[in-house]
Amino acid sequence: MSERLVKKVVFPNGGEFSVVIHDLLKEPVDCIVNAANGMLAHGGGVAAAIARAAGKELIEDGNRLVREEGEVPTGGAVVTTAGNLPFKGVIHAVGPRMGQGDEERKLTQALESSFFRAHEKGWSSLSFPGISSGIFAVPHDICSRAYITTVKDFYDQYPGSLLKNIRLCLFEGPLLDAVKKEMELF
């Protein structure tokens with residue numbers, strides 16, 4: 001699958017936000033974000049695809065983190081090795097499940113945590129998938145608003161960050177349609 005650019009926004013500080021249709025595992029970035037649960041169990045969706053491709057090293061690293069630090073809270077994010085993947089690391093973001101309440105704020109917090117983890121590592125590029133929009137069932141309009149707002153807020157808060165390239169990597173479908181609609185307001 002070759003990459004298709006949907007929209008790109010360049011911020012005054014040099015940061016870029018791109019929405020692309022692509023395979024997350026083939027993204028040209030320093031790190032990718034995994035749509036994770038608090039136990040870093042990779043049962044399905046993008047998490048399972050990442051775990052399969054990365055191999056046992058990523059799974060063992062995640063298990064170690066949970067053993068040593070406990071379950072990752074909703075809104076949190078942690079970094080593991082990328083294992084067999086060609087990235088410097090994988091950031092595991094724990095978004096909210098629909099029905100937890102305050103889903104948009106919690107999703108924004110998970111994304112902020114992810115971007116900050118990459119910032120802390122000095123990584124220059126990151127790609128994230130739809131988070132909380134699949135089996136966690138948060139409505140697409142809430143997700144798309146949170147994705148876009150959080151990128152803008154990150155660049156406002158950290159204008160000197162080395163993280164200059166943030167990409168939202170999706171497939172065709174209703175979530176991408178909601179993101180396109182939200183991007184019209186951007």
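In the stretch 136-149, which residues are more than 23 Å from Lys26 (Cα to Cα) and surrounded by fewer than 23 Cβ atoms within 10 Å (Cβ to Cβ)? Those that are more than 23 Å from Lys26 (Cα to Cα) and surrounded by fewer than 23 Cβ atoms within 10 Å (Cβ to Cβ): Phe136, Ala137, Pro139, His140, Asp141, Ile142, Arg145, Thr149. Determine whether the stretch 15-33 contains at least one residue that is closer than 14 Å to Arg167 by Cα and among the small types (Gly, Ala, Ser). Within the stretch 15-33, one or more residues are closer than 14 Å to Arg167 by Cα and among the small types (Gly, Ala, Ser). Restricting attention to the stretch 24-46, and to residues there that are free of Cβ contacts under 8 Å to residues at least 40 places away in the same chain and part of a loop (DSSP other than H, G, I, E, B), which single residue is surrounded by the most Cβ atoms within 10 Å (Cβ to Cβ)? Step by step, filter the stretch 24-46, then rank; the result is His42.
Annotation: of all residues in the stretch 1-60 being of a type in the set (S, T, N, Q) and more than 22 Å from Lys180 (Cβ to Cβ), the one that is modelled with the lowest pLDDT is Asn13. At least 2 residues being closer than 24 Å to Ile21 by Cα and touching an Asp or Glu at 6+ places or on another chain (Cβ under 6 Å) is the threshold, and among the helices (runs of 4 or more DSSP H) wholly inside the stretch 69-186 those reaching it are 140-157. Across the stretch 67-90, the number of residues qualifying as more than 14 Å from Glu27 (Cα to Cα), crowded, with 16+ Cβ neighbours inside 10 Å and out of contact with any His (no Cβ under 6 Å at 6 or more places or on another chain) comes to 9. What is the residue count in the stretch 96-122 for residues that are farther than 12 Å from Ile142 by Cβ, out of contact with any strand residue (DSSP E or B) (no Cβ under 8 Å at 6 or more places or on another chain) and crowded, with 17+ Cβ neighbours inside 10 Å? Looking only at that region, the number is 3. For first residues located in the stretch 54-81 and farther than 14 Å from His42 by Cβ, partners that are assigned to a helix (DSSP H, G or I) and among the small types (Gly, Ala, Ser) and lie 6+ apart or on another chain with Cβ distances below 6 Å form the pairs Gly75/Ala110; Gly76/Ser113; Ala77/Ser113; Ala77/Ser114.
The values are calculated or read from the model by the stated rules, or taken from the named source; none is laboratory data. These figures come from a predicted structure and were not determined experimentally. All Cβ positions, glycine included, derive from the backbone under ideal geometry; neighbour counts span all protein chains shown.
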